Amino acid sequence: MKNFLKHEKFRMDMGKQPLFFKIGPSFFYLLITAISTIIRTLTEFYQNQQNKLIAETHRTNTELNYLRKQTNPHFLFNSLNSIYSLAHKKSDLVPDAIVTLSELMRYMLYETDNKTVALEKEINYIQNYIELQKLRLNNIEAIVINVHGDTKNKFIEPLLLISFIENAFKYGTDYKGAAHVKIKIFILENNLDFWVENTIESYEKDPENSGIGLVNIKSRLDLLYPNAHELTIKEDKQYYHVHLHLKLDRIQTDIH
C-alpha cells in the first residue's frame, strides 16, 4: 500500500513539473537539428562559393594566358618586318638588328612566364625594342624615350606597355620611313605614369586585325589592375596620345 501511495505521489509530482521540463527534450532535439541544418547549409554554400572561385580563377588564368600568347607573335611579326626592311636595303645594320632581336626574344622566353617582372627589365626591353625600330627609320632624332624616377624594387606585368609602343611605330611612321614617337615613363613610389605620343599617318586599316593590340591591353589591365589603373586615349588632327596610370603594388598576382 505504501509503495502504491509513493508511486501515485511521484506521478502527481511529475504532473506538477514546469512546462519547460515537459517540452525540454523536444526543444533541444529541434534546436540541435536546426543548428545541424544551418551548419550543413553554410558548409555547402562555402563549398559552392569556393568551387565558383576556383572556376573563375581558372577561366581568368586561361584568358590571361591567351592574351599573353597573342602578344608574342604580334611582336615577332613586327620585328621580323623591321629586319626584312633592313635586309631589303642591304643595310650593314642587319647584324645589329639580329643581335637586338635575340636579346628581346631571350627576355620574352625566360622572363615573361613569371607573375611579374622587375620594372627595370621591362623598361630595358622597351628600350631595346625602340633601338630595333630606329634601325629602319630615317629620322631617329624624332624618336624619344625619357624615364624618370626610381625603378628599383618595382614590379609590373610583363609586356604590358609594348602594345602601345608597337602601335605608335606602326601608325606613326610614314611611307618614307619617318616617324614621330615620344615616350615618357615617370615613377613615383608605387605609381607609374606612361605617356606615348605619335603622329597620325595615312594608312589603310585592316578590318580583321586593326585594334587587336588595344583590345588586348585593355582586357589585361581589367584583369590584372582592377580599380588600380586609368587609361586615357586622345586623338586630334595630328597626334595620337596615350596616358596610362598604374598602381604597381595593386597587381592581382593571385590569378596568374
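So for each of 121-133, 219-231 I average, over its residues, the number of other beta carbons within 10 Å; can you give me the resulting order with the highest mean first?
Top of the packing list down: 121-133, 219-231.
With Cβ to Cβ distances under 13 Å as the rule, what net charge do the other residues near ILE187 carry (K, R +1; D, E -1)? Each step should come with its number before you reach the end.
Working: positive: LYS152, LYS154, LYS184, LYS247; negative: GLU120, GLU122, ASP150, GLU189, ASP193, ASP249.
Net of charged neighbours comes to -2.
In the neighborhood of ASN146, defined by Cβ-to-Cβ distances under 11 Å, what is the net charge if each Lys or Arg adds +1 and each Asp or Glu adds -1? If you can, show how the numbers build up before the last one.
Details: positive: LYS182, LYS184; negative: none.
Local charge sum for ASN146: +2.
What list of ³J(HN,Hα) values in whole Hz, one per residue of segment 128-137 in order, does the Karplus curve 6.51 cos²θ - 1.76 cosθ + 1.60 (θ = phi - 60°) give from phi, with Gly and Pro shown as x?
With coefficients 6.51, -1.76 and 1.60, one gets 5, 4, 5, 4, 5, 5, 4, 4, 9, 9 Hz.
If you plug each phi of segment 149-162 into the Karplus form 6.51 cos²θ - 1.76 cosθ + 1.60 with θ = phi - 60°, what whole-Hz ³J(HN,Hα) values come out, in order, with x for Gly and Pro?
So the Karplus estimates, Gly and Pro as x, are x, 8, 8, 6, 6, 10, 9, 8, 4, x, 6, 7, 9, 5 Hz.
Read-outs: derived from the displayed coordinates by stated rules, not from any lab. These figures come from a predicted structure and were not determined experimentally. All Cβ positions, glycine included, derive from the backbone under ideal geometry; neighbour counts span all protein chains shown.
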